[in-house]
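Working notes for the structure below.
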Amino acid sequence: MNLNITKELNKKNKQYINDELYKFNLKHFRNDLAGKYEEICLFLKDEKDTVRGGILSEICWNWLEIHTFMIDEDIRKSGFGTKLLLELEKIAVEKECDFIKVDTLSFQALGFYEKNGYQVFGSIDNVGRDHQHFYLKKDLRH
């Protein structure tokens, strides 16, 4: 067999890789978690319907993972981030997630997540040579 490595942006090929890994993973999870995947995107909009922030996340099996969380700089520390996070946590509980996981850099939102009950379970030093990358988790079922 002769195989080649290519570097390309190809949505069809990317989807194939994701689908095949998902099928493989399904073989190793309990049956009641099969098919439990859903993107959850929350947006903060002003009166002109302009997006001022949001959370891009997904439910995968028994957890919710936050991929991107952003609030416009001029409205940070106004409570909107906490409101978005609480709404996301409510959805995660309704969808029977056991925990939420997220990562953040040392200059981003570590204190925000810790204030909201998230706990660091790992970190990587020397990110961008001057920072740390933190991995956090919040258990939803006690």
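The values are calculated or read from the model by the stated rules, or taken from the named source; none is laboratory data. The structure presented is a predicted model; accordingly, all values stated were derived computationally and were not measured. Virtual Cβ from ideal backbone geometry, glycine too; neighbours counted across all protein chains shown. Each accessible area value is taken on the protein alone, full model and side chains, heavy atoms only, with ligands, DNA and RNA left out. Shrake-Rupley method; radii C 1.70, N 1.55, O 1.52, S 1.80 Å.
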Net +/- balance of residues flanking Lys138 in space, Cβ distance below 9 Å, scoring K and R +1, D and E -1: 0
Using only C-alpha positions, report the orientation-averaged shadow area of the convex hull of the chain, nm², one decimal. 12.8
So what's region 39-99 giving for Cα Rg divided by 2.2 N^0.38 Å, two decimals? 1.16
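How many Å² of accessible area per residue for region 2-77, probe 1.4 Å?
Values: 6290 Å² over 76 residues.
Per-residue value: 83 Å².
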So what's the projected area for region 86-125, the Cα convex hull averaged over all directions, in nm²? 3.2
What ³J(HN,Hα) values, in whole Hz, does the Karplus curve 6.51 cos²θ - 1.76 cosθ + 1.60 give for region 82-93 when θ = phi - 60°, with x put for Gly and Pro? 5, 4, 4, 5, 5, 5, 5, 4, 4, 4, 4, 5
Whole-percent carbon and sulfur share, accessible surface of the chain, 1.4 Å: 51
Gain upon complete extension [Tyr135, Lys23; 0.36 nm per residue less C-alpha separation]: 37.7 nm
The answer for the net charge of residues other than Trp63 whose Cβ lies under 15 angstrom from its Cβ, with Lys and Arg +1 and Asp and Glu -1, is -4
FRET efficiency, Leu105 to Lys14 (Cβ-Cβ, R0 35 Å, nearest 0.05): 0.85
